[in-house]
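Here's the structure we're looking at; comments come further down.
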Amino acid sequence: MGMCPVCQTRMQHAFHAQVLHKYTVEYRYCDGCGLLQSETPYWLDEAYGEAIAAADTGLVRRNISLTFKTAALLYFALDADASYVDVAGGYGMLVRLLRDFGFDFYWSDKYCQNHLARGFEASAAPGPIEALTAFEVMEHVQDPVAFVSEALQRYGTRTLIFSTQLFDGAPPPTDWWYYTFATGQHISFYQPRTLARIAQALGLRFYSAHGLHILTDRPLHGARLKWLTGRMALPLSLYVKWRMGSRTQSDHERMLAAQAPVVRGE
């Protein structure tokens with residue numbers, strides 16, 4: 001058995017499952033930190049024939065919900081006027097939505113084309129990056145400590161806001177919906193204590209509230225995070241949008257100006 005990438009404990013056999021309807025894959029569990037992970041994922045090139053699986057029918061609803069929670073969190077707990085980057089940003093939907101809410105957000109993704117936030121790639125970010133977001137990404141990562149460390153170092157920040165479905169105790173039964181064996185893209189599964197160990201390994205703090213998880217070096221108020229990301233997220237985010245002012249029109253004008261031909265004098 002291999003060693004756990006989070007706590008370097010030897011992992012134990014958990015179960016076998018059929019991935020992509022044809023590969024028999026072993027899943028391994030770490031008693032030390034609670035990480036559940038597939039064997040080395042040799043099938044990923046096939047699994048990522050399309051970067052976003054056709055079975056991800058919750059993509060739009062998830063991005064809208066995450067926009068409400070993230071807008072409230074950034075405005076009331078971080079710096080509303082700072083720049084942010086969504087790593088593994090997919091088609092760019094979250095970046096576009098958060099810019100529509102007034103935040104200076106930028107896109108980055110090694111494996112997906114930016115369709116909805118073109119012109120706002122991370123290379124265009126004007127200054128220091130306050131924090132990164134990485135929603136529904138960690139379950140795709142084979143070495144989560146290395147992934148988080150490299151992302152934070154690349155953008156010069158110490159705060160990552162992310163989402164992934166957690167479990168507690170023993171590995172969930174093989175009919176757990178989050179495994180998505182048919183797509184082959186989810187290879188790592190976490191418990192709260194797993195994320196706490198990742199934070200410890202990187203010298204960070206770990207917070208979690210209503211499906212949002214945060215690794216950061218700054219102290220945050222746990223009860224306040226739950227309030228910001230719970231039922232109040234929608235009304236709070238609408239207040240934020242009103243106070244911030246949408247970037248939709250100014251971004252439109254910026255893109256038009258960028259496409260205008262340069263007129264040279266005689």
Here is a check on your reading of the model: is residue 72 under 22 Å from the mean Cα position of the chain (by Cα) and in a helix (DSSP H, G or I)? yes
Filter the range 1-44 for residues that are touching a strand residue (DSSP E or B) at 6+ places or on another chain (Cβ under 7 Å) and among the basic types (Lys, Arg); the one that is farthest from residue 174 (Cα to Cα) is 10
Show me the strands (runs of 3 or more DSSP E) entirely contained within the range 7-47 in which 1 or more residues are more than 17 Å from residue 180 (Cα to Cα). 12-19, 23-29
I'd like the full set of residues that are buried (at least 17 other Cβ atoms within 10 Å of the Cβ) and either more than 15 Å from the chain's Cα centre (by Cα) or aliphatic (A, V, I, L, M) (or both), limited to the range 159-171. 160, 161, 166, 171
Checklist (1) in a loop (DSSP other than H, G, I, E, B); (2) in contact with a His (Cβ under 9 Å, 6 or more places away or on another chain); (3) closer than 23 Å to residue 94 by Cβ applied to residue 220, failing item: (2)
Counting only residues that are surrounded by 16 or more Cβ atoms within 10 Å (Cβ to Cβ) and either of a type in the set (S, T, N, Q) or more than 22 Å from the chain's Cα centre (by Cα) (or both), how many does the range 228-240 have? 2
Considering the range 240-266, residues that are outside any helix (DSSP H, G or I) and more than 30 Å from residue 76 (Cα to Cα), and then whichever is modelled with the lowest pLDDT, we arrive at 266
Flag for residue 70 being closer than 30 Å to residue 127 by Cα and touching a residue at least 24 places away in the same chain (Cβ under 8 Å): yes
Within the range 75-88, can you find the residues that are free of Cβ contacts under 8 Å to residues at least 60 places away in the same chain, over 15 Å from the mean Cα position of the chain (by Cα) and under 18 Å from residue 246 (Cβ atoms)? 81, 82, 83
The correct count of residues that are β-branched (Val, Ile, Thr), within 14 Å of residue 154 (Cα to Cα) and in contact with a Phe, Trp or Tyr (Cβ under 6 Å, 6 or more places away or on another chain) in the range 117-142 is 1
Residues of the range 179-205 satisfying the condition of being within 15 Å of the chain's Cα centre (by Cα) and among the aromatic types (Phe, Trp, Tyr): 189, 190
Determine which single condition residue 198 fails, assuming it passes every other condition in (1) assigned to a helix (DSSP H, G or I); (2) surrounded by fewer than 18 Cβ atoms within 10 Å (Cβ to Cβ). (2)
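The values are calculated or read from the model by the stated rules, or taken from the named source; none is laboratory data. The structure displayed is predicted, hence computed values, not measured ones. When we count neighbours, we look across all protein chains shown, and the Cβ atoms used for this are built from the backbone with ideal geometry, even at glycine.
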